[in-house]
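Just below is one structure, and these are the notes that go with it.
Coordinate-derived values only; no laboratory data. Computed from a predicted structure; not experimentally measured. As a convention, Cβ positions derive from the backbone with ideal geometry for all residues, glycine included, and neighbour counts pool all protein chains shown.
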Amino acid sequence: QEDATNNDACTPSAFNSNCAQDSDGDGTSDFNETATADSDNDGTADYLESSTTDTDGDGMSDQDDATNNDACTPSAFNTNCSQDSDGDGTSDFAETETADSDNDGIMNYMESSIEDQDGDTYSDQEDPANDNACEPELHFCSQNVPVMRWPHALLLGLALLAASFSAKRRVRIR
């Protein structure tokens, strides 16, 4: 459509240097944002996505956020994301991206604070060796229980049986 009165610099197109139209209200003209630019590759042109609005509150402007309605993308480490990767009821954000309380190289947000994989009474988040009951303390370690070979176990069993039988016999005699 032509501008019959030549008074509208944005007709027939807003994408010219004389047009100050700002479709997304971010203070940058549509011309400067261009008709085809899409900074976040989400299929919505930048001139239609504000560079000052953050719809999902993840700390990234809509113009740079490919998922404007998902606070956990691009990162779960923001206050509006409730993602809990290890299922322990504490969000990844609260556990932080770099915390590793047991120094095992597995970040807290990936290690449960309620599960105990090796049964040593230490949660995986506090256990430096999740699959080794001997760490961090030896008293839950099966290696501390003496192992008896079968002939010795049989002899011990027979000796205990005999002692038990003998004790019952003495009780009757009295």
Residue-span extension gain [Ala20 to Ala153] - 0.36 nm each, minus C-alpha spacing: 38.6 nm
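Over the Cα atoms of the chain, Rg to Rh with Kirkwood Rh, two decimal places?
Working: Rg = 34.9 Å, Rh = 22.8 Å.
Ratio of gyration radius to Kirkwood radius for the chain: 1.53.
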Report, in degrees rounded to the nearest 10, the 0 to 90 angle that the Cα long axis of helix 150-173 makes with the longest principal axis of the chain. 50 degrees
Estimated vicinal HN-Hα couplings, Hz - the stretch 50-61 in sequence order (Karplus 6.51, -1.76, 1.60; Gly, Pro = x): 6, 8, 10, 9, 10, 4, 9, x, 8, x, 10, 4
Restricting to DSSP loop positions (anything but H, G, I, E, B) with no more than 15 other Cβ atoms inside 10 Å of their own Cβ, which GluC sites (Glu not before Pro) remain in the stretch 15-123? Glu97, Glu115
